[in-house]
1. Relative contact order for region 1-153 using alpha-carbon pairs under 8 Å, separation at least 6, rounded to a whole percent?
2. Quick one: order 46, 130, 125 by neighbouring beta-carbon count within 10 Å, fewest to most.
3. Just how large is the dipole of region 1-84 about the Cα centre, in debye to the nearest 20, putting +1 at every Lys and Arg Cβ and -1 at every Asp and Glu Cβ?
4. Looking at (i) 42, 38, 30; (ii) 71, 54, 45; (iii) 216, 24, 12, which value of Cα extents along the principal axes in Å comes from a calculation on the structure shown?
5. Taking 0.36 nm per intervening residue step and subtracting the Cα-Cα distance, what contour gain separates residue 3 from residue 120 on full extension?
6. Let me check I've understood the local charge: for residue 102, count other residues with C-beta under 12 angstrom from its C-beta, Lys and Arg +1, Asp and Glu -1. What total comes out?
7. Can you compute the charge dipole magnitude of region 4-146 about its Cα centre, using +1 on each Lys and Arg Cβ and -1 on each Asp and Glu Cβ, nothing else charged? Give it in debye, rounded to the nearest 20.
8. Taking a 23 Å limit on the Cα-Cα distance, which of the listed pairs 11/128; 70/146; 105/146; 63/105; 11/105; 63/128 fall beyond it?
Amino acid sequence: MSNKNEATEQKWMVKNMVDRRDHFFRVENVVGVGTFDTFYTIMGTSGWIEIKAPREPARPGSKLFASNHKFSQEQKNFALQHTKAGGTCWGFIGTDLRQMLIPAKFIETANDATVDELLAVSAWSRLKYSNSARLDARRLRFVLAKLPYQPEPHEGLK
């Protein structure tokens with residue numbers, strides 16, 4: 001996790017989503033370049049989350065990661081190898097306006113996607129600053145624990 005905004009997103013998850021029975025921790029791994037930055041076990045399901053915190057572009061239809069901290073090629077490779085081996089991993093994107101969780105299969109093309117394209121393939125999303133943070137976080141917890149699916153990429157993001 002390379003920046004303060006990403007750490008803020010992880011703190012939001014820990015505060016609002018993580019239960020005392022869960023195993024949820026940050027990984028700072030200099031040996032395994034590309035390894036995602038958060039590991040979790042929630043309700044018996046384990047997986048990896050890579051957290052990104054870009055600013056949304058001013059113009060709708062612009063790429064979300066055009067000039068922001070993108071998914072690296074090593075992170076894309078990690079997602080591909082981990083899911084091919086049967087594992088679960090996700091991209092958690094927390095912008096200045098919203099949060100969303102995208103399945104690993106969309107990480108390969110996420111750097112070239114717009115906000116609307118990422119929302120269309122997200123397994124979970126919420127607007128920031130809504131009054132339902134706790135409920136939204138419980139829904140996120142359920143997705144991470146009970147929906148470890150990895151669907152085929154959406155036509156627009158292949």
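Read-outs throughout are calculated quantities, based only on the coordinates presented, and are distinct from any laboratory measurement. Model, not experiment: these values are computed from the prediction. Neighbour counts run over all protein chains shown; Cβ positions are idealised from the backbone, glycine included.
1. 23 percent
2. 130, 46, 125
3. About 220 debye.
4. Among (i) 42, 38, 30; (ii) 71, 54, 45; (iii) 216, 24, 12, the one derived from this structure is (i).
5. So the extension gain works out to 39.5 nm.
6. Working: positive: 52, 105; negative: 50, 108, 117.
After counting each charged neighbour, the total is -1.
7. That gives a dipole near 460 debye.
8. On the way: 11/128 14 Å; 70/146 28 Å; 105/146 18 Å; 63/105 18 Å; 11/105 25 Å; 63/128 20 Å.
In this structure, 70/146; 11/105 lie more than 23 Å apart at Cα.
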